[in-house]
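Taking it in order: structure first as structure tokens, then the write-up.
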Amino acid sequence: MTFVIITHVPHILLQNKYFAYSPYVLEMNIWTQYANEVVIVAPITDLGKTPVDIAYEHQNIKFVPIDSFDVLHLKSIFRTILKVPKITWQIFKAMQSAGHIHLRCPGNIGLLGCLIQIVFPNKPKTAKYAGNWDPKSNQPWTYQLQQWILSNPFLTRNMHVLVYGEWEGMTTNIKPFFTASYTEKEVIPVAQKELKGLVNFIFVGTLVKGKHPLYAVQLVENLHLKGYSVRLSIYGEGVEREMLADYIAAHALEKIVSLQGNQARDIVKKAYQDSHFVVLPSESEGWPKAIAEGMFWGCVPVATSVSCVPFMLDYGKRGVLLEMNLEKDSAQIAVVLHDQTDFDAKRNKAAEWSRGYTLDVFEEEIAELLNGSRYDF
């Protein structure tokens, strides 16, 4: 089977191997193990490899480099108009050769893939919608268009569309799904975490405005000012890093907030294990891996009520749902900090739930999807 991937994720060519963002590649290595040949249609970047990039494991990869594009301003719209015909042809040719088409959505490349797949109604297809599928949420029009195409049984045929959460009005080809980071072999007893000494918070993610890393800093700062012994470690890079560094310096927070940058998977894993809380005040998520990973290692999750996050946190029984009000959210966390029993109950429930979604279970689900033995529509 020739497995064709259409994605907006930037790739790096290094020593005849293709590297990309590790959570994405880790998942794709599971999908591609069932293929004889893998065709990747994606942008390629000349930026250097970072600690969060890993390589595909498949030995027979054909890479089709395409230009990335956006429609954020007038100049980029003009450039996009010039680029789209060539990209469309490249995607069409790749799909023509496919035994199975796999789209990664949402994104600009995913949108083109959604449109082009319409002319291949008989080919088996899957789409992974990694964003927020909630039809009532505020989404860019390009995301809404992708959701409409993917959920339209007339335009999108012979495709399983994998989304996070269960939502009203889902068509028969839309299937609730999940993602995973760890194997069953990695499941060990959750370490005891006392609240008597220093309490560690961890933020893991791209440092962009939409994930509100500054709010995570201010949350821990506010708890510190109220007399709590707390510390926040921030893992990730992004355009907000300089602003965060300036804020930390201006408010003399160097002893309680640290910017760790991008780090290898094992380093972040150890940081989760050493932390009491994992915090992600993001305004838009699909299935936030940082939250699921922290829960796996017994961190109490502190996250905004977006997408399927309320389900993940069992509406507060497995964590704290943020209201994005500094005083109210600090008070919610303070209640947990004062109650070791409540903290232990939340972290144990969090770990038990997260450990139900291992890479082993994920691999079984993917195998059934590709074999066509689970869903009929």
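The values are calculated or read from the model by the stated rules, or taken from the named source; none is laboratory data. On a predicted model such as this, the values are computed, not experimentally measured, just so you know. For neighbour counting, all protein chains shown are included, and Cβ atoms are generated from backbone atoms with ideal geometry for every residue, glycine included.
Take W297 and tell me if it is buried (at least 17 other Cβ atoms within 10 Å of the Cβ), closer than 17 Å to G131 by Cα and aromatic (F, W, Y).
For W297, the condition - buried (at least 17 other Cβ atoms within 10 Å of the Cβ), closer than 17 Å to G131 by Cα and aromatic (F, W, Y) - is not met.
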_Within the range 315-337, considering residues that are touching a residue at least 40 places away in the same chain (Cβ under 8 Å) and surrounded by fewer than 17 Cβ atoms within 10 Å (Cβ to Cβ), the one farthest from Q218 (Cα to Cα)_ = A334
*asked:* Quick test of your reading of the structure: G169 fulfils all but one of (1) at pLDDT 95 or above; (2) surrounded by fewer than 19 Cβ atoms within 10 Å (Cβ to Cβ). Name the failing condition by number.
replied: (1)
*Hits in the range 130-166 - residues which are touching a Ser or Thr at 6+ places or on another chain (Cβ under 6 Å) and either loosely packed, with under 14 Cβ neighbours inside 10 Å or not assigned by TED's automatic domain parsing to the domain that holds E364 (or both)*: P153
